[in-house]
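Here's the structure we're looking at; comments come further down.
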């Protein structure tokens, strides 16, 4: 098995490049509802990000559950409508396996843990002004922190603040139905932490852990757990892609 089994207190995060692998290979293990959703994408980069996330989720969850990727029961039902675009949930028939997917640019991330509900977020560092975004997404205190920085340092600082908010809201399943300017997090140069938000979940029950998605990107995973010692193990999904291609070649032979 290429993927290691989750140990107690662990969260695994896998990073993939959506430009790798073939569309045929990525779709081979997906469900009819996932393929139906994929058919709605008009731009190939968007399609590849979705397919890569769906494929990587099935491959990594299947390894944890001892199942083929195509046999993993992924539920993407939405609580607000009949479309299958909600936060993915894995039906295990046993102990829970919590998962989350995020993508931006040429990074796709899939996070898995048994610790508790989680949300992962990755963002490309902006290359243009973030002032307008900051007015909509940051609290007054966060805006003051951002405005105290030189202009060229604001891009990454904003991205680091944003991923903390979105990851935390994804962990609860609310997503951006809660306005991000109602969520306050630690400063971009400080250890990631949730300071306040309008939800009933205590802020000290939300662990924000920094990720390393690569140059030009920032990332965070948020886990709803009381365990202060939960740790992240990050891996490159290229090894899974190569194994998948080798398996496909073996079938063809």
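The values are calculated or read from the model by the stated rules, or taken from the named source; none is laboratory data. Small disclaimer: the values here were computed from a predicted structure and weren't measured. FYI the Cβ positions are ideal-geometry reconstructions off the backbone, even for glycines, and counts take in every protein chain you see.
Hey, among 61, 73, which residue is in contact with a strand residue (DSSP E or B) (Cβ under 6 Å, 6 or more places away or on another chain), surrounded by fewer than 21 Cβ atoms within 10 Å (Cβ to Cβ), farther than 21 Å from residue 124 by Cβ and modelled with pLDDT of 95 or more?
73
Does region 107-122 include one or more residues that are surrounded by 15 or more Cβ atoms within 10 Å (Cβ to Cβ) and at pLDDT below 95? No; the residues of region 107-122 include none that is surrounded by 15 or more Cβ atoms within 10 Å (Cβ to Cβ) and at pLDDT below 95.
The residues in region 193-218 that are touching a helix residue (DSSP H, G or I) at 6+ places or on another chain (Cβ under 6 Å) and under 20 Å from residue 14 (Cβ atoms) can be counted, and the count is 2.
Give me a count of the residues in region 19-40 that are in a loop (DSSP other than H, G, I, E, B) and farther than 23 Å from residue 98 by Cβ.
Final tally of qualifying residues: 7.
Applying the set (1) over 17 Å from residue 110 (Cα atoms); (2) surrounded by fewer than 16 Cβ atoms within 10 Å (Cβ to Cβ); (3) free of Cβ contacts under 8 Å to residues at least 60 places away in the same chain to residue 38 leaves exactly one unmet item: (2).
Within region 205-223, the set of residues being touching a residue at least 12 places away in the same chain (Cβ under 8 Å) and outside any strand (DSSP E or B) comprises 205, 212, 213, 214, 216. With a requirement of 2 or more residues that are farther than 24 Å from residue 164 by Cβ, touching a residue at least 12 places away in the same chain (Cβ under 8 Å) and out of contact with any helix residue (DSSP H, G or I) (no Cβ under 7 Å at 6 or more places or on another chain), the strands (runs of 3 or more DSSP E) lying completely within region 49-148 that satisfy it span 73-75.
Every test in (1) in contact with a strand residue (DSSP E or B) (Cβ under 9 Å, 6 or more places away or on another chain); (2) surrounded by 16 or more Cβ atoms within 10 Å (Cβ to Cβ) is passed by residue 195 save one, and that test is (2). Residue 228 fulfils the conditions (1) touching a residue at least 60 places away in the same chain (Cβ under 8 Å); (2) loosely packed, with under 15 Cβ neighbours inside 10 Å; (3) out of contact with any strand residue (DSSP E or B) (no Cβ under 7 Å at 6 or more places or on another chain) except for a single criterion, (1).
Criterion applied to 99, 122, 74, 110 was being at negative phi and more than 15 Å from the chain's Cα centre (by Cα), and the one residue passing it is 74.
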